[in-house]
Structures are given as C-alpha cells and as structure tokens.
Amino acid sequence: MRQSHQLPLVGLLLFSLIPRQQCEICEVSKEYYTALNPLISTMINSKYTKGIHAANVLLSLRLGGILNPNQEQQLIQQVNTAVENKKPSLTSGQLALAILALGACKGPDGISINYSELIKILGNKYKAEIKNMEDHDGNPLTNYYQLSLDILALCLFSGNYSITEVIKILDPESKNYYFHQQFSVDTGAMAVLALTCVKRSITSGQNKIDTKDLETIDNHMESLIAKILCQKKENGLLGNIYSTGEAMQALFVSSDYYNKNQWDCQKTRDIVLTEISQGAFRMPTAAAQILPALMGKTYLDINKDSSCVYGSDNFNISTQEPISVTPAVPHSQIEVNYSVVVNNQIDNIMVSVADGSVFLDVMEKAQKENATLFSFTVEESSWGPYITTVRGIKANNNDRTYWELLSNGEPLSQGVGSYVVHAGDDLEVRWSIY
Ligand code: CBY
C-alpha cells in the first residue's frame, strides 16, 4: 500500500531530474532586426493583398508586435469586412486563418468580434471537409494544410472538435500529406502545430485525459517531425524556401521529439536571412509565413486574451515601395516555348514577351494568339493568381487533379504571377494528378 503511494512520487522526482531538452528557438537577435525590414515593408505596403488574403499578413505582423494601433485597426477592418461579406464562400482554412489573425491578441477596444459565431461557422466548414472525405475517397474539399488550420483555430478558440477524429484524420500515413508522392513540409508543419495545441489542451486538463489518445498524438508528432527533418536540405532549408518558416515553428514547439543534433536551427535561420537579402520573400504571403519564426514566435502564441504589443522601436520601416526587379534592358523582347499538355496531347507555341515577364504574361500572349488552344482562367489566392482551368478543363480536388506548372521539365516552386521567365525557357502547363 505504502509502496504504491510512493511510486508516483519517485517517478515525478526522476522525471524532474532528467535534463529536459532545451527549447530549440533561435530567433534573430534584436541588434539584427534590420535584416527583417524587407519582410515588413513588403507586408505593410502590400496593397495587392486584398480582402481575406491579408489575414496571413495581419497575423504575422501582430505576432511580431510590429504595427502601430492605427495600422492594426486598418488591417483588422479589412479582414473583418471580408469575413462578414464572404462568410459562406470562404474555404475552411481561409476562415480559420482570419480567426487566428483577428484573435492573435487582445486589440484596441471598439472592434468587437463575435468569436463564438465565427467558431461555430468554422466548425461547420470543418465538418463539411470531413463529410467530403467520406464521400470522395478520402479527399477533403480543400487540403490537409487547411484542415490543420481549422483544427488549430478550433483548439485555440475553444471550438468543438473530436480528439479521436483529429487523431484519425492527421494520421501521418494519410495520402493527403503527399503531392506526387513527395511529403509536403508546409502541410506536415501545420499538422504538428495543430496536434501540439490539441495535446496541450489535454495535458492542461481542458479536455478529458485519455492516455491512449495522448500516446497516439505523441506517435503522430514523432513521425511527422521525422518526415519534416527528412526534407532538410544541405543548405539548411526545410522543404523549400517557402515551407521553411512554418517548419521552423513546428520544430520550435516539438523539441521533445527530435535530438538536438538532428537540426541546426542557426544554419536554417542564416540561409533564410541570406535569402531575404536576395529578395526571395517579395510576396506578402511569403514574408508573412517566414517572419514569426525569425522572431521566435509560433501560431501557438496566439491568445485573444493577452494584450497586443505595438510598434517595436527596433524597426525602421520604410513606407517606400519595395524595390522591384527590373530587367537590365527594359523593353527587349525574349522568346519562350509554351505548351499545354493533356495526357499525351501536346500543343505548343513560341511566344515573344518583354524581358522580365512572368509565366502569366506568356499564357496571356498565347491565349491572344490562339484562344481555342490556349484559353485559361485564374483565381486569386493569397499567393497570387492560381490557374483553375485551361481550355475549359477544370482542376478538381475530389479527383486530385490540377494544372501543374513546369519549366524545362521541372515543376516550379512559384506561381504564374511570380515566376519570371527566361529566354529559351520551355514552359508547360500539364494536366496532373497530385
Ligand atoms: N493554403 C492552401 O490551401 C495551400 C496549401 C499548400 C500546401 C501551400 C502550397 C502551402 C502554403 N504555405 O500555403 C498548397 N500549395 C497546396 C495544398 C496545393 C494544392 C492545391 C489544391 C488543394 N487540394 O487544395 C496543389 C494543387 C497540389 C497545389 N498546391 C498546386 C500548386 C501549383 C499551382 C499551379 C496553378 N494551377 O496555378 C504550384 C505552382 C506548383 C506547380 N509547379 O505547379 C504550387 N502549388 C506552388 C508553387 C505552391 C507554393 C507557392 C510558392 C510561391 N512563392 O508562390 C507553396 C507555398 C504552395 C502555396 N503551393 Co501549392 C508550397 C511551397 O513551395 N512551399 C491556405 C489558404 C488559406 O491560403
């Protein structure tokens, strides 16, 4: 009897003696904050990030404590209006991101946000995602990146969700973590953040403790972290330049699941800083997704009840337009080959565009020259234009089809609005299954 009482105590003592792994956060130190200025200018001057697409920017700037109350108010208004006007048509992840941005911290009085109503709508959109998976061979309406955002928002804002279901959905073996058999680091990172929130809600007693569930969550996290670390590149990037910020966040919150020697945080941070200076984060969303990690923040720091921090003095933000890349010879023309590939049918055309043009300019030129073969439609996404149909053939998440962009046979890691084409490029849009 006595012994069984003492056992937990001994366990606790032993546990507290085990040196816990140091939290692997390697934020940029304050003296070097000027290196982050290009990111901040890009976000603040991002007049092209309209409506709901500004949610990412708002979230990032609030986590960093960068805005002044006036700037904050404007952005909140923009996101709030977009939510109010477009509620039914927003995707689940867009709404989740808006909730995270609006509730990132306790803002100025005057703007009242009905979180419980928004969370209820999000709960329904999340349910619709799961229903779609049941009806369409495990394919959600959107994707696992958005489902993870949904779970994160529901978890942080006390929404309704079933832990058992989360565990089932976010199983690391799900095909939804992969595009063309390649593990999506962005997706895995967001899932780790969502699972960490769920785990914390269990251990802090908000949710009923079930040791079996906790164990499964641990296994999921361990496996997802291993998959992320497997995508670590020689130069320190995790996945590619655009997934690295969120992967860093995932690694910050899960240092119990990997060994210190498996990840050199400083190396990753330094390559990102080099890339910033070379202009890799010219897209507001790209800038928004990298900044929190560089300031040692994660989406788990979101807390609508803790007061916002304003206008850090460490930043000297220019309201000047970020420098844009202008071609060396402004009006010179270049020639590229453009093809539309559907199964075995290839239709191609040589087009001439101004030097410095992007992929979209090439598609527009081709469409002008032959609308029957090269017609297409785009939708605005937070990463810029996204190709939805080409020659009337429409991308469909239910059968995992999309229009893939390639240059010289290699898939691009930028969208049509940002990839700058080069003379002689062999550009291709290919009807693909991801
Ligand atoms: N965001 C989302 O819902 C998108 C999630 C995301 C994992 C996203 C990358 C990561 C992120 N941080 O936002 C994602 N892409 C997805 C899920 C998808 C699929 C979209 C369909 C679906 N099931 O929801 C799909 C079809 C596999 C896909 N991405 C396609 C493409 C290509 C788009 C081509 C087109 N038709 O216009 C493209 C250009 C790849 C290609 N070669 O064809 C592509 N994606 C790219 C390059 C990217 C990166 C963008 C980087 C950039 N600088 O523009 C990306 C960040 C992102 C956006 N995709 Co997808 C991944 C990366 O490189 N790290 C939530 C919502 C609220 O905003």
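Worth pointing out:
- Once backbone amide H atoms are built at 1.01 Å from N, Thr388 has Thr377, Val378, Glu379 as its partners under 5 Å, excluding neighbours fewer than 5 places away on the same chain.
- Ranked list, fewest to most other Cβ atoms within 10 Å of each Cβ, for His220, His422, His136: His422, His136, His220
- Relative contact order (percent, whole number), region 333-433, Cα cutoff 8 Å, 6+ residue spacing: 34
- For the chain, the mean residue ellipticity at 222 nm estimated from helices alone is -14000 deg cm²/dmol, where every DSSP H run of n ≥ 4 contributes -39500 (n - 2.57) and the total is divided by all residues, rounded to the nearest 500.
- Extended-chain gain in nm, criterion 0.36 nm per residue less alpha-carbon gap, His136 and Glu234: 31.4 nm
- With the simple spin-label model, which puts each label point 7 Å out from Cα in the Cβ direction, the Glu31 to Asp426 separation comes to 5.1 nm.
- In this rough spin-label picture, where each label sits 7 Å from Cα along the Cβ direction, the Asn85-Tyr434 distance is 2.7 nm.
- At least 24 Å along the helix axis (C-alpha) and Kyte average at least -0.5, DSSP helices within the chain: 185-203, 211-230
- Burial ordering of Asp361, Asp270, fewest other beta-carbon atoms within 10 Å first: Asp270, Asp361
- Placed amide H near Lys232: partners under 5 Å, 5+ positions off or other chain: Gly239
- Three-way shape label, region 30-295, alpha-carbon gyration tensor, a/c 1.5: oblate
- Length-normalised contact order for the chain - Cα pairs under 8 Å, 6+ apart - percent: 20
- Calculated FRET efficiency, Asn344 to Glu380, Cβ-Cβ distance, R0 = 25 Å: about 0.20 to the nearest 0.05.
- For region 118-258, lysine pairs separated by 8 or more sequence positions, or belonging to different chains, with Cα-Cα distances below 16 Å total 7.
- Applied to region 392-409, the Karplus parametrisation 6.51 cos²θ - 1.76 cosθ + 1.60 on θ = phi - 60° returns per-residue 3J(HN,Hα) values of x, 8, 9, 5, 9, 5, 5, 10, 6, 9, 7, 9, 8, 9, 9, 9, 6, x Hz, with x for Gly and Pro.
- Applying 1/(1 + (r/R0)^6) with R0 = 56 Å to the Cβ-Cβ distance of Asn114 and Ala354 gives a FRET efficiency near 0.70.
- Pairwise FRET efficiency - Asn408 versus Thr274, Cβ, R0 = 30 Å, nearest 0.05: 0.75
- Size of charge dipole - the chain - debye, nearest 20, with Cβ of Lys, Arg +1 and Asp, Glu -1, no other charges: 1020
- Overall form of region 121-178 per C-alpha gyration tensor (a/c, 1.5; a/b vs b/c): prolate
- Centre separation in Å (Cα based) which lies between region 236-295 and region 398-412: 25
- Cα shape, region 362-434, gyration tensor, a/c 1.5 rule: rounded
Laboratory data are not the source of any read-out in this text; all were calculated from the coordinates shown. Fair warning: this is a prediction, and the values are worked out from it, not measured in the lab. Cβ atoms come from the backbone with ideal geometry, glycine included; neighbour counts cover every protein chain shown.
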